[in-house]
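Reviewing the structure listed below.
The values are calculated or read from the model by the stated rules, or taken from the named source; none is laboratory data. Since the structure is predicted, the reported quantities are computational estimates derived from the model, not experimental observations. As a convention, Cβ positions derive from the backbone with ideal geometry for all residues, glycine included, and neighbour counts pool all protein chains shown. With ligands, DNA and RNA removed, areas are computed over all heavy atoms of the protein, side chains included. Shrake-Rupley method; radii C 1.70, N 1.55, O 1.52, S 1.80 Å.
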Amino acid sequence: MIESGKPAMRDVAVLTRAVEKVFRKLIRMLIGKMSLKKLQEMIQIIFIEETEAKLKKEAPGKSVALGDIALQTGVDTRTIKKIRTYIAISNPIHQDDTFLDGFMPLFKVFDLWMNDARFFDPGTRKPRRLTIEGDGASFSELVKMAIQSRGLTTGAVLKRLKEIDVVDVDAGTGTVVLKQEDNVFISKDDLDLLEVGLTAIGNLVSTVNHNIQNHLNEDAKYFQRGSWDYQFNPEHIDHVRSTIHRYLQKIDAQSRDLITTLTEPEGQKGQLTAGISMFYFEENPLA
């Protein structure tokens, strides 16, 4: 429960709690797939981009001053100038090799093992079997080259790679080999689910943002509803899930038919994406 004697602080507390709930669930999904450092970099770039776009929309035809962006973001103008320069000369972040390099500490290990001639055999097109310790093309040297972070040891990296079952270790010879060469940290199925799921989250956020901007105009607001209750017995939840699943399958089929009747027969430049999202959710108050 949010308690504060100052109305402004109560408003900030409500927003903070809501954002924290969303971020906490998103971060749970990203752990092991994206480093905190890269997430921070991405948020900083996007925050500056979106702030500048918002200010340009508010004052069309006028250039946006660094001070105005600083006022909206709380970031100092030197950092803003640096980020603006990066945005101006770089590809979108999902296409920027500089940004993607080191996306996850373990991913960099995998990337070097699969692409650097010291650790990859171009003749067999396979990653080399490496001695775990030693000079030259050893696993410890691979880790040293790939990961600059202090406190990350060869042993810790090898332990994690064994836990996710992507390497084979021969204790007798003191060597290690990469046995899985594709989708090492994110399986193909997981990657597809992440893409679809995060796209749906993005669509929901767009609807919420649109409705906030049009809160005084009911006719302009997009439909946004939810149905839930707090009193489900955990012992009966399987029945609840299956019943709602069957119901949503019927609604989904009807929605797809409806969308088909409303869309244009042929794709053309300038057309919009619109649709309906639906999903079942559960919330454990102790989680």
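Here are the numbers for the structure shown:
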read-out: Near pairs, Cβ below 6 angstrom, 6+ apart or cross-chain, from the stretch 195-221 (without any contact (Cβ under 8 Å) to a residue 40 or more places away in the chain) to any residue that is in a helix (DSSP H, G or I) and surrounded by 12 or more Cβ atoms within 10 Å (Cβ to Cβ); value: LYS221/ASN211
read-out: Positions within the stretch 101-155 being within 26 Å of the chain's Cα centre (by Cα) and among the basic types (Lys, Arg), in sequence order; value: LYS108, ARG150
read-out: Qualifying residues in the stretch 163-177 (those that are in a loop (DSSP other than H, G, I, E, B) and hydrophobic (A, V, I, L, M, F, W, C)) - the one modelled with the lowest pLDDT; value: ILE164
read-out: Selection count, the stretch 212-244, where residues are assigned to a helix (DSSP H, G or I) and of a type in the set (Asp, Glu); value: 2
read-out: Test for ASN211: is it surrounded by 14 or more Cβ atoms within 10 Å (Cβ to Cβ), under 24 Å from MET34 (Cα atoms) and modelled with pLDDT of 90 or more; value: no
read-out: Qualifying residue in the stretch 89-97 (condition: among the polar types (S, T, N, Q), at pLDDT 85 or above, open to solvent by 60 Å² or more (accessible area, probe 1.4 Å) and not in a helix (DSSP H, G or I)); value: yes
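Yes/no matrix, rows are residues, columns are (1) closer than 24 Å to ILE147 by Cβ; (2) in a loop (DSSP other than H, G, I, E, B); (3) open to solvent by less than 40 Å² (accessible area, probe 1.4 Å):
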| position | (1), (2), (3) |
| --- | --- |
| LYS56 | no, no, no |
| GLY61 | no, yes, no |
| VAL75 | no, yes, yes |
| LYS82 | no, no, no |
| THR85 | no, no, no |
